[in-house]
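The values are calculated or read from the model by the stated rules, or taken from the named source; none is laboratory data. Please read these numbers as outputs of a predicted model, since none were measured by experiment. Virtual Cβ from ideal backbone geometry, glycine too; neighbours counted across all protein chains shown. Just so you know, the surface numbers come from the protein's heavy atoms only, side chains and all, with ligands and any DNA or RNA stripped out. Shrake-Rupley method; radii C 1.70, N 1.55, O 1.52, S 1.80 Å.
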There are 2 protein chains.
Amino acid sequence: MLEDKNQKKTSLSELGEFGLIEHLTKNITINQETTIKSIGDDAAVLDFNDKKVVISTDLLVEGVHFDLAYMPLKHLGYKAVVANLSDICAMNAKPSQITVSLAMSNRFPLEAIEELYSGIQLAAKIYNVDIIGGDTTSSQKGLIISITAIGETLLDDITYRNGAQPTDLLVVTGDIGAAYMGLQVLEREKQVFQVNPNNQPDLEQYSYLIERQLKPEARTDIKELLSKLEVKPTAMIDISDGLSSEILHICKQSNVGCNLYEDKIPADPQLINVCEEFNLDITTIALSGGEDYELLFTIKMEDFDKIKANPNFSIIGHMVEEKEGTHLITRANTKIPLKARGWNALQNE
Amino acid sequence: MLEDKNQKKTSLSELGEFGLIEHLTKNITINQETTIKSIGDDAAVLDFNDKKVVISTDLLVEGVHFDLAYMPLKHLGYKAVVANLSDICAMNAKPSQITVSLAMSNRFPLEAIEELYSGIQLAAKIYNVDIIGGDTTSSQKGLIISITAIGETLLDDITYRNGAQPTDLLVVTGDIGAAYMGLQVLEREKQVFQVNPNNQPDLEQYSYLIERQLKPEARTDIKELLSKLEVKPTAMIDISDGLSSEILHICKQSNVGCNLYEDKIPADPQLINVCEEFNLDITTIALSGGEDYELLFTIKMEDFDKIKANPNFSIIGHMVEEKEGTHLITRANTKIPLKARGWNALQNE
């Protein structure tokens, strides 16, 4: 996207640091009643009254977490926000504010940063969170995005990773694996493009997978949904690194084991088709893929009836005593150890 | 520091992302009663009851904000925390927590990151703030540090940049300009070292300046001090970018002008001597230097008697009507326009 030779390019140094911040933030409005003071001072001021404050932060680095060859900047901004809001949702809390810090090399003109920021602002608008601060600077190489998300919740609603009990049911929202498969499709297209830049790809049959990769959504709806169903999850985490790795986090921190049933893992029909086309095992993709930003949680067995018919949820297994270990029960009814194969940002160094 | 060939080097990829986070955070203790849940879940949980929450964030990039040739990693970690705590102090609030995100290229072994983190932990200990979360990842080039600081205060104590009134007095804590001059000394030593690596520098006469550059402190004491003196500042900012630029921020946001008196700007005797040695104008250094992390604030004229004899404070000028403009009154009693010459992270692109 950055290679479009016709786009207008304004050098960042023309604006200066304060000018850039003013330019990017001039249209930002404040909608949260908890935001007392937003951008423009040494710090933002928030008032949560009797609510508890939930804070999470992420650092995204070009070439490590994203590739601008197939990730449009607006989508990148949107996704960076979603990834952070998802962490707040995983505490069973409601996101309310974000801070956004950007570092970019001089290869990025102002228009590129505006594009990125428009995605950030779109996500803030859709999820109704206030952008309350941040920092903008240059980098020696590439683009770096640091987002801190702030949320609120009543103490009783907070759900940690460590509350799962043996016999609890393991539940996941939505479907799993599509975001990773979307990345595989985009990487293949990038290679095709490098060989033949005039090739017009037909990505229609991959649209859902690509959307899951480029424009994932945070499950801010689940807190309210569970509350209406009168289900209080016992443990919760979001799926950013792959289903197996997230399940093992809950098991480790809750001191329990688990049985995960391969045939219960929810997959979109498009994922099933494309896994066949790519000759990839759909379970491996679901277990190791990551970036789905769905929620994984455990509930008491007696809550089974409350969620069993709900299309938002799939019951994919149950927790067991820690000494029984963590296992995947395959379609062939074989019990194999469940291993973390999630994504590791330091692996490729 | 990184070029010491005898140091032990452990590759970060041996540990992996979760291993590194566990390794770095294993000794972290929680001391703030507002911290309910710290590192180890999707987000941290804080409880401020009737206090307001103050949040600030900074992104520091190697080669832009710091040079590891003369900035030891432990000092860098310490300073990165101080810079953020200073923003909380500038709201007249008390810092309570920080999140710390790091991205580093594979040129950094584990031992280097431990060194950096030890400085971060030392600052957290000295200033009694909890490290409640963060992110750790690899970068394509260099070291990137993103810190978010969280503080608390009663609503009535919060001091913004926009509350200064004409006739208010302009006050600064400590002395100004030493941190920037420390940087000049270190840059000269770096050049000497490049010509003659065996040269043993005698930095004794620059010790205060170098300490101000390498190990600045945040003025967390000022909030309590002002409270004891029963002085409520009308506007406040911290001096990170240079005195003139910070004064102009207050003027712009408060819609006032100011008269700043050159002879009132507090300078350490060592700064005066070294400015002579370097043939640099001390006022220029104080106005444009930055990184002092002192506090600049305005008070009502009737509070003059409460602070006039206090060695922590210097009254350096007074605010005037906006239409009168912003001026420096020189030692020769000439009135010249005050201009921002602060540091700009995007200037050198």
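Would you mind computing, in nm to one decimal, how far apart the modelled labels at A:Thr284 and A:Glu111 are, each placed 7 Å from Cα along Cα→Cβ?
4.3 nm
In nm, what is the difference between 0.36 nm times the number of residues separating B:Glu204 and B:Leu154 and their Cα-Cα distance?
Numbers: separation 50, 0.36 × 50 = 18.00 nm, distance 4.35 nm.
Net length gain for the segment: 13.7 nm.
Could you list the square roots of 5 times each eigenvalue of the Cα gyration tensor of the protein assembly as shown, that is, the equivalent ellipsoid semi-axes, sorted largest first and rounded to whole Å? It would help to have the intermediate numbers written out before the result.
Working: eigenvalues 449, 153, 118 Å².
Three semi-axes, in Å: 47, 28, 24.
Measure up A:Lys125/B:Lys223; B:Lys232/B:Lys323; B:Lys51/B:Lys323; B:Lys223/B:Lys335; B:Lys141/B:Lys223; A:Lys52/A:Lys339 against 30 Å on the Cα-Cα distance and list the ones that go over.
Details: A:Lys125/B:Lys223 36 Å; B:Lys232/B:Lys323 26 Å; B:Lys51/B:Lys323 38 Å; B:Lys223/B:Lys335 33 Å; B:Lys141/B:Lys223 39 Å; A:Lys52/A:Lys339 35 Å.
Violating the 30 Å Cα-Cα cut-off are A:Lys125/B:Lys223; B:Lys51/B:Lys323; B:Lys223/B:Lys335; B:Lys141/B:Lys223; A:Lys52/A:Lys339.
Among DSSP beta bridges whose residues both lie in the protein assembly as shown, state the antiparallel percentage, nearest 5. Provide the component values of the computation, followed by the final result.
On the way: 92 of 118 bridges.
Bridges in the protein assembly as shown are about 80 percent antiparallel.
Mind listing the label-point distances from B:Glu111 to the same position on all other copies, shortest first, one decimal in nm, points 7 Å along Cα→Cβ?
5.0
Over what distance in Å are the Cα centres of region B:117-194 and region A:176-244 separated?
So the separation of the two Cα centres works out to 38 Å.
Express as a percent, rounded to the nearest 5, the fraction of DSSP beta bridges in chain B (both residues included) that run antiparallel. Let's see the in-between values first.
Numbers: 43 of 56 bridges.
In chain B, approximately 75 percent of DSSP beta bridges are antiparallel ones.
What nm distances, shortest first, do you get from the label point of B:Asn27 to those in the other copies when the point sits 7 angstrom along Cα to Cβ?
Taking the point 7 Å beyond Cα along Cα→Cβ, the inter-copy spacings are 5.0 nm.
Could you order B:Leu248, A:Leu12 so the one with the most accessible surface comes first? Probe is 1.4 Å. Spell out each step's value before the answer.
Working: B:Leu248 35, A:Leu12 5 Å².
Listed by decreasing accessible area, they come as B:Leu248, A:Leu12.
With the alpha-carbon atoms as the only input, what is the per residue convex hull volume for region B:233-345 in Å³?
Details: hull volume 13.3 nm³, N = 113.
Each residue corresponds to 118 Å³ of Cα convex hull volume.
Using DSSP to define loop residues, name the GluC sites (Glu not before Pro) in region A:223-278 whose beta-carbon has at most 14 other beta-carbon atoms within 10 Å.
Details: sites: A:Glu224, A:Glu230, A:Glu246, A:Glu262, A:Glu276, A:Glu277; in loops: A:Glu230.
When the GluC sites (Glu not before Pro) of region A:223-278 are filtered for loop state and at most 14 Cβ neighbours within 10 Å, A:Glu230 remain.
Please give the helix B:178-195 orientation as an angle from the longest Cα principal axis of chain B, in degrees from 0 to 90, rounded to the nearest 10.
The helix B:178-195 is inclined about 50 degrees to chain B.
With the Cα gyration tensor of region A:70-212 in hand, give its eigenvalues times 5 under a square root as the equivalent ellipsoid semi-axes, listed largest first in whole angstrom. Could you put the intermediate results ahead of the total?
Working: eigenvalues 196, 118, 30 Å².
Equivalent ellipsoid semi-axes, largest first: 31, 24, 12 Å.
What nm distances, shortest first, do you get from the label point of A:Gly16 to those in the other copies when the point sits 7 angstrom along Cα to Cβ?
4.9
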